[in-house]
Amino acid sequence: MVIKCLENYEAISSHAADIVAAAILEKPTGVFGFATGSTPVGLYKSLITCYQRGEITFSGLTTMNLDEYVGLSADHDQSYRFFMQHQLFGHVDVRPECINFPPVSGEPSAFDDLIQDKGGIDLQILGLGSNGHIGFNEPGSAFDSRTRIVGLSSSTIRDNARFFEHSRDVPRKAVTMGIRTILETRQILLLASGANKADAVVRCLEGPQTEDVPGSSLQSHHNVTVLLDEAAATGLTQK
Ligand code: GLP
């Protein structure tokens with residue numbers, strides 16, 4: 001695991017964009033896993049700039065998103081499809097038929113089959129929940145879990161209420177790539193920013209590997225880069 005502590009959010013975003021752009025250049029027909037949440041927004045802005053400058057193209061890529069709320073229509077402004085369309089996909093030349101999300105109805109494991117059919121995910125971008133979740137794999141998720149429907153924890157509902165008018169509007173269920181699915185990706189880029197992630201960062205990176213802290217599963221992956229800003233890194237002892 002390579003852990004980099006950078007000055008601030010802007011530095012994380014531009015460094016992350018360098019890593020993703022290099023991976024796209026190396027494998028222009030690759031399978032790229034995208035994440036939602038406020039953390040990767042700066043990364044996506046930087047990638048759009050790279051695209052507009054003609055440095056990268058998304059035209060050969062297949063995309064696999066990490067998760068999606070169950071119960072929101074695709075055009076709901078808080079659905080993750082809507083988020084990705086507005087934060088990235090709508091601004092670059094990714095082919096719409098190559099954009100994939102875990103299914104909100106039907107058999108969730110079809111998503112794992114699709115990932116396999118496409119040859120596996122080359123690079124997966126991840127954010128981190130303040131409770132240590134990755135995707136919507138909440139504390140207690142099995143490390144060998146696959147794509148499935150999950151219930152959201154009360155802390156996640158509280159965290160994500162800021163995007164909705166009322167906390168009662170936050171969906172209680174989601175579909176998420178499983179931890180095993182995430183660990184099978186060839187390269188992982190984990191981003192965390194801000195003091196409210198500091199505790200989760202320590203527990204994921206320096207604590208024991210435990211299903212109580214889903215992000216701690218990443219310690220067993222052979223190719224993980226973690227980008228933190230100073231606030232998110234404050235609790236680490238091995239800086
Ligand atoms: C959300 C998403 C995660 C995301 C995390 C952190 O609930 N399901 O994929 O990484 O929580 O979000 P944020 O970046 O807004 O802090």
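The values are calculated or read from the model by the stated rules, or taken from the named source; none is laboratory data. From a predicted model like this one, the values you see are computed outputs, not experimental measurements. Neighbour counts are summed over all protein chains in view; Cβ atoms, including those assigned to glycine, are modelled from backbone coordinates with ideal geometry. Accessible surface areas use protein heavy atoms only, side chains included; no ligands, DNA or RNA. Shrake-Rupley method; radii C 1.70, N 1.55, O 1.52, S 1.80 Å.
Take the stretch 123-160 and flag every residue that is of a type in the set (Gly, Ala, Ser) and open to solvent by less than 20 Å² (accessible area, probe 1.4 Å).
Result: Gly127, Gly129, Gly132, Gly135, Ser141, Ser145.
Just to be sure, is Arg95 surrounded by fewer than 17 Cβ atoms within 10 Å (Cβ to Cβ), touching a Leu at 6+ places or on another chain (Cβ under 9 Å) and basic (Lys, Arg)? Explain how you work it out, then say what you get.
Working: surrounded by fewer than 17 Cβ atoms within 10 Å (Cβ to Cβ): yes; touching a Leu at 6+ places or on another chain (Cβ under 9 Å): yes; basic (Lys, Arg): yes.
Spelling it out, Arg95 is indeed surrounded by fewer than 17 Cβ atoms within 10 Å (Cβ to Cβ), touching a Leu at 6+ places or on another chain (Cβ under 9 Å) and basic (Lys, Arg).
Are there any pairs, at least 6 apart or on different chains, whose C-beta atoms fall under 8 Å, with the first in the stretch 33-47 and open to solvent by less than 10 Å² (accessible area, probe 1.4 Å) and the second near the ligand (Cβ under 8 Å from one of its atoms) and part of a loop (DSSP other than H, G, I, E, B), and if so, which?
What qualifies is Gly33/Leu66; Phe34/Pro40; Phe34/Leu66; Ala35/Leu66; Ala35/Gly127; Ala35/Gly135; Pro40/Gly127.
Among the residues in the stretch 8-21, are any within 15 Å of the ligand (Cβ to nearest atom), within 23 Å of Val201 (Cβ to Cβ) and among the acidic types (Asp, Glu)?
No, the stretch 8-21 contains no residue that is within 15 Å of the ligand (Cβ to nearest atom), within 23 Å of Val201 (Cβ to Cβ) and among the acidic types (Asp, Glu).
Scan the stretch 59-90 for residues that are in a loop (DSSP other than H, G, I, E, B), under 18 Å from Leu123 (Cβ atoms) and within 16 Å of the ligand (Cβ to nearest atom) and report the count.
Residues flagged as in a loop (DSSP other than H, G, I, E, B), under 18 Å from Leu123 (Cβ atoms) and within 16 Å of the ligand (Cβ to nearest atom) within the stretch 59-90 amount to 2.
Looking only at the stretch 133-174, count how many residues are in a strand (DSSP E or B) and farther than 20 Å from Thr39 by Cα.
Residues flagged as in a strand (DSSP E or B) and farther than 20 Å from Thr39 by Cα within the stretch 133-174 amount to 5.
Do you know which of the residues in the stretch 174-222 that are within 14 Å of the ligand (Cβ to nearest atom) and open to solvent by 30 Å² or more (accessible area, probe 1.4 Å) is nearest to Glu10 (Cα to Cα)?
Residue satisfying both the conditions and the ranking: Ala195.
Of the residues in the stretch 91-132, how many are of a type in the set (S, T, N, Q), within 16 Å of the ligand (Cβ to nearest atom) and outside any loop (DSSP other than H, G, I, E, B)?
Result for the stretch 91-132: 2.
Determine which member of the set Lys27, Lys4 is at pLDDT 95 or above, over 17 Å from the mean Cα position of the chain (by Cα), under 25 Å from Ala110 (Cα atoms) and of a type in the set (Lys, Arg).
Lys27
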